[in-house]
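This report refers to the structure that appears directly beneath it.
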């Protein structure tokens, strides 16, 4: 088993999220998006969508923003336990 520390944002203030994962393989962007709480959008998104020609263009740009604000790293089991138990990181 491998242990991962995930940090995700969409470039907007207040839309940052972090968690831990346990899985054998390196997480893919799809693995991460399954757990990111703002993957489907954020409060007030309809205010920004008018800047785009169509909804498809908006979501493509939104996903790009998320990819640009995502980082993850493999960590040791000891660090995983410390972040989970002492710092309160959620395991997803």
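Among the residues of the stretch 73-92, which ones are in contact with a strand residue (DSSP E or B) (Cβ under 8 Å, 6 or more places away or on another chain), over 19 Å from residue 35 (Cα atoms) and assigned to a helix (DSSP H, G or I)?
Once the filter is applied, which keeps residues that are in contact with a strand residue (DSSP E or B) (Cβ under 8 Å, 6 or more places away or on another chain), over 19 Å from residue 35 (Cα atoms) and assigned to a helix (DSSP H, G or I), the stretch 73-92 yields 77, 79.
Mind counting the residues in the stretch 57-72 that are loosely packed, with under 15 Cβ neighbours inside 10 Å and touching a strand residue (DSSP E or B) at 6+ places or on another chain (Cβ under 7 Å)?
Result for the stretch 57-72: 1.
None of the figures in this text is laboratory data; all of them are computed from the coordinates on show. Predicted model, so just to flag it, every value in this text is computed and none were measured. Heads up, the Cβs are rebuilt from the backbone with ideal geometry, glycines too, and the neighbour counts pull from every protein chain shown.
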